[in-house]
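J.: Structure below; questions to follow.
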Amino acid sequence: RRQVLCLAMGDFHDVEATDGVRFSWNVWPSTRLEATRMVVPLGCLYTPLKAIEGLPLLPYEPVMCKGTCAAMLNPYCRVDFKAKIWVCPFCFQRNHFPPHYNDISENNLPAELIPQYTTIEYALPRAPAGPQVYLWVVDTCMDENELKALKDSLEQVLQLLSSTAPSALIGLITFGTVVQVHELGFELCSKCYTFKGSKDPTPQQLADQLGIAAGRGAAGRAAADGRPAASRFLLPIAEAEFAISNILSDLRRDPWPVASDCRPQRCTGAAVSIAVSMLEIAFPNTGARAMLFTGGPCTIGPGQTVGVPLSEPIRSHHDIEKETSNVKFMKKALKHYQSVASRAAKVGHVFDIFACALDQIGVAEMRALVEKTGGYVVMSESFTGNIFKQSLTQVFARDSSGQYLRMSFGGTVEVLTSNDFKVCGAIGNCSSLGKKSSCVGETEIGLGGTSAWSMGGVDEDTTLALYFEVTAQPSSGSTAPQAGGGQRYLQLLTSYQHSSGQYRLRVTTLARPWAEAAQIAEIARGFDQEAAAVLMARIASHKTQTEEAFDILRWIDRMLIRLVGKFADYRKDDPASFRLSSAFSIYPQFMFHLRRSQFLQVFGNSPDETTYYRLIFARENTTNSLIMIQPTLLAYSFNGPPVPVLLDVTSIAPDRILLLDTFFHVIVYHGETISAWRKQGYHKTPEHENFRELLLAPKQDAAELLQQRFPVPMYIECDQYGSQARFLLAKLNPSVTHNTSQSGTNSSDFLFTDDVSFQVFMEHLKRLAVESK
């Protein structure tokens, strides 16, 4: 048992590297009552398709338990090699090995039983899925320059796909005042079917009008040459490349006239619905993604976000909060897009949004499309910029093998638990599959009441937050876990369609030790403050859909006070005696920055931007999520190599260059002296080579960040006291403000703000934590 505890409290990053899992608590309380006293919920961040070095890929079906749990064979099973029997650690059912396992012995173990293979992947011996399907939905109500840049980017992607996935099917829908479905298979001339933008045809009506038989899959009503009817609209890239190139080159701005005081009539909602209906009719339960490229808000038909007259402003956070007349379209639009998203998620299809405009385009209303289907969302100011171009290219990037695309389809995650705890729910870009089982807990966190979720589109970074509750009561708490060898077991089953068309199943089986209430120090040492901060942040972000921001901030504060009150060392009513162990020391810092983050503070952001940040946060892994909560700050100077510095206003110095990474922005900030030298051109002279290298170093590191990340962040270069310095100043801890004494801080800047600094925050936290209750 002691060895298990030491193992659990080892390096959390090692467990993440081998299994793609980070737990908030790595030693679990033994009873329900003790678990509630831990304050931070018991949960894990699970990256189902994490790239794991040396992961075995087995070319056969997994061996499943014949008991009630349906768990897969794993290294924690007890094995009787003579009788060829294995005992399931979840339900203690005795199972016979199938005949092809007859040769196993203690020295000849199958991969599933080898202790270090707690995560294993099966390439299921089934008929491969059909080719991937891509349906582009292109907005034509934009400036000629924007439209030209978008067409150029799509042409490049077309060439990229012709080499990486030539058998993939592709289709094209364009929309403005009307929706046009292009028939790529008609060779004599460009042919398209036009639908009124103010109406939303049902899937059956669409099937009849396009001549695709609904309900019979890709076969449909066969065309004259015997090919499926859908092949008139969705062709293999090798065949469609020429037709799409011609259509794109001829594509012009929407011809309907637009008055100078009006917005274009844009029927985004109808186009989105038609795209999802087409895929739903022709390719149900096949890897398919609809990709929307839009440059403005929907102004007519279903999903309308704002009126046509420019005198009507698009809704803001203030309008949503006060329910002004500017939100009159919002409820209907939300309902429309949620309905379309549910249809797409039901058949396992993915929906991506690429929105490029200076103003809002309605991402807040379209949130469900991305959230329920596991799609990508990229927001930028223009289709001409690098953010859109590089992000689109990265969507079609190859995996580590270099043979296939890194995207996968039809992802589902199922959770199996041992008897002493149950799953409460999941928070992430997923939708509930409504699977009721003995593993489902009474408490609901996020999407609860189920033990399985559909994730739709998944890649190597997609991460789901799972939450659990301990159900063992005090009377049975000391015996039940012991029956399982002093550990609790969790199995995570991820089935998905690989981009090669192969169906795969990844099985991750984990064991975690339990500890009695008296062993509080062991529980505390197993606390992963990074994972805990992200799990709490996901709950807070999820609550924003139903609760007021003020109530969420109060909840975060209460939880933090309770946590440090339980685990800190102090004398009652003596804040000076307050001490936090290293396992908890940076957790309050994460909560301080979370309270100030764009996930909870909407000032200065539009509803679209806030939704965008929350959608990205809901799918990223632990490391990236922490950067979003508490950005990283590096300082470059003549004194040596770059060093991490505090995210504090005191880190600013005239002779320093700062590199701030907020995940969404990468900012290179030049101190006053550095900026003056650069403007005088010192870096261009041979005798100031060191200065030239100093200027170059943060730019090179920033370029590396831009290359690795998806979506590509906004890159900003700014100078101290310059207008764009606000991007950096907004993220810094205001330890020195216009209200505080600046004695001894002559070298640093100060902030004009009334925000509370981290030091004041900690003083209040200590005082409240040590108070006699």
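J.: Over segment 220-319, with the other protein chains present, what is the accessible area per residue in square angstrom, probe 1.4 angstrom? Each step should come with its number before you reach the end.
T.: Values: 3680 Å² over 100 residues.
For segment 220-319, the solvent-accessible area averages 37 Å² per residue.
J.: Averaged per residue, what accessible surface does segment 557-635 expose to a 1.4 Å probe, in Å²?
T.: Values: 3030 Å² over 79 residues.
Value for segment 557-635: 38 Å² per residue.
J.: Sticking with this structure for a sec: Within segment 494-550, list the GluC sites (Glu not before Pro) lying in a DSSP loop whose Cβ has at most 15 other Cβ atoms in a 10 Å radius. Don't skip to the end; give the middle numbers.
T.: Values: sites: E516, E522, E530, E547, E548; in loops: E516, E547, E548.
Those satisfying the criteria are E516, E547, E548.
J.: For L447, what is the net charge nearby, where nearby means another residue's Cβ is under 11 Å from its Cβ and Lys, Arg count +1, Asp, Glu -1? Let's see the in-between values first.
T.: Values: positive: K372; negative: E371, E444.
Value of the local net charge: -1.
J.: Between Q545 and E381, what is the FRET efficiency for a Förster distance of 35 Å, r being their Cβ-Cβ separation, to the nearest 0.05?
T.: Here the calculated transfer efficiency is 0.85.
J.: Then there is this: What are the semi-axes of the equivalent ellipsoid of segment 470-589, taken as the square roots of 5 times the eigenvalues of the Cα gyration tensor, listed largest first and rounded to whole Å?
T.: Ellipsoid semi-axes (Å, largest first): 33, 25, 14.
J.: Moving on to the next point. Can you pull the one-decimal nm distance between simple spin-label points at E516 and K346, each 7 Å off the Cα toward Cβ?
T.: If labels sit at E516 and K346, their model points lie 5.4 nm apart.
J.: Using 0.36 nm times the number of residues separating K148 and L334, minus their current alpha carbon distance, what extension gain do you get? It would help to have the intermediate numbers written out before the result.
T.: On the way: separation 186, 0.36 × 186 = 66.96 nm, distance 3.09 nm.
Gain in length upon complete extension: 63.9 nm.
J.: When you take every Cα atom in the chain, what is the radius of gyration, and what is Dmax, the widest Cα pair distance, in Å?
T.: 28.0, 86
J.: OK, next. Please provide three numbers in whole Å: the alpha-carbon extents of segment 389-479 along the principal axes, with the largest listed first.
T.: 59, 23, 19
J.: Oh, and also: Just to be sure I follow: if Rg is taken over the C-alpha atoms of segment 599-696 and Rh is the Kirkwood radius over the same atoms, what is Rg/Rh? Show your work: numbers first, answer last.
T.: On the way: Rg = 16.9 Å, Rh = 15.5 Å.
A ratio of 1.09.
J.: Enumerate by residue number the GluC sites (Glu not before Pro) in segment 264-363 meeting two conditions: DSSP loop (anything except H, G, I, E, B), and at most 12 other Cβ atoms within 10 Å of the site's Cβ.
T.: When the GluC sites (Glu not before Pro) of segment 264-363 are filtered for loop state and at most 12 Cβ neighbours within 10 Å, E323 remain.
J.: With r as the distance between the Cβ atoms of D250 and H13 and R0 = 45 Å, compute the FRET efficiency 1/(1 + (r/R0)^6) and round to 0.05. Please list the in-between numbers first.
T.: On the way: r = 53 Å, r/R0 = 1.18.
With a Förster radius of 45 Å, E is 0.25.
J.: Of the DSSP beta bridges with both residues in the chain, give the percent that are antiparallel, rounding to the nearest 5. Please list the in-between numbers first.
T.: Values: 81 of 117 bridges.
Antiparallel bridges make up about 70 percent of those DSSP assigns within the chain.
J.: Of the heavy-atom accessible surface of the chain (probe 1.4 angstrom), what whole percent is carbon and sulfur?
T.: Numbers: 16820 of 32400 Å².
Reported share for carbon and sulfur atoms: 52 percent.
J.: Then there is this: If you bin the C-alpha pair distances of segment 343-450 every 10 Å from 0, what whole percents do you get?
T.: All Cα pairs considered, the percentages come to 12, 32, 30, 19, 6, 1.
J.: To one decimal place, what Kirkwood hydrodynamic radius in Å is obtained for segment 106-146 from all pairs of distinct Cα atoms? Could the numbers behind the result be given before it?
T.: On the way: mean 1/r = 0.0619 Å⁻¹.
Roughly 16.2 Å, rounded to one decimal.
J.: Using the Kirkwood radius over C-alpha pairs as Rh, can you work out the diffusion coefficient of segment 249-335 via Stokes-Einstein at 10 °C, viscosity 1.306 mPa s, in µm² per second?
T.: On the way: Rh = 15.0 Å.
Translational diffusion coefficient: 106 µm²/s.
J.: Set the bar at 23 Å for Cα to Cα. Now go through K332/K436; K322/K543; K422/K766; K389/K684; K151/K332; K335/K436 and name every pair that lies beyond it. Intermediate values should be presented prior to the final figure.
T.: Details: K332/K436 31 Å; K322/K543 19 Å; K422/K766 34 Å; K389/K684 32 Å; K151/K332 32 Å; K335/K436 26 Å.
Beyond 23 Å between Cα atoms: K332/K436; K422/K766; K389/K684; K151/K332; K335/K436.
J.: R0 = 60 Å: FRET efficiency of S585 with T202, Cβ-based, nearest 0.05?
T.: Numbers: r = 58 Å, r/R0 = 0.97.
About 0.55, to the nearest 0.05.
J.: Could you tally the net charge around P575, taking each other residue with its Cβ under 13 Å from the Cβ of P575, Lys/Arg +1 and Asp/Glu -1? If you can, show how the numbers build up before the last one.
T.: Numbers: positive: R571, K572, R579, K766, R767; negative: D569, D573, D574, E763, E771.
Local net charge: 0.
J.: Can you list the GluC sites (Glu not before Pro) in segment 334-415 that are in a DSSP coil and have 15 or fewer other beta carbons within 10 angstrom?
T.: Working: sites: E365, E371, E381, E414; in loops: E365, E381.
Loop-located and lightly packed - E381.
J.: Now, a different point. Please list, in order, the residues from segment 293-322 whose amide nitrogen is less than 16 Å from a point placed 7 Å along the Cα→Cβ vector of S260.
T.: In segment 293-322, the label zone of S260 (backbone N under 16 Å from the point 7 Å along Cα→Cβ) covers 310-311.
J.: Using a 1.4 Å probe, how large is the accessible area of D461, given in Å² and rounded to the nearest 10?
T.: About 50 Å², rounded to the nearest 10.
The values are calculated or read from the model by the stated rules, or taken from the named source; none is laboratory data. This structure is a prediction, so every number in the text was calculated from the model and none was measured. All Cβ positions, glycine included, derive from the backbone under ideal geometry; neighbour counts span all protein chains shown. Surface areas here come from the heavy atoms of the whole protein model, side chains and all, with no ligands, DNA or RNA. Shrake-Rupley method; radii C 1.70, N 1.55, O 1.52, S 1.80 Å.
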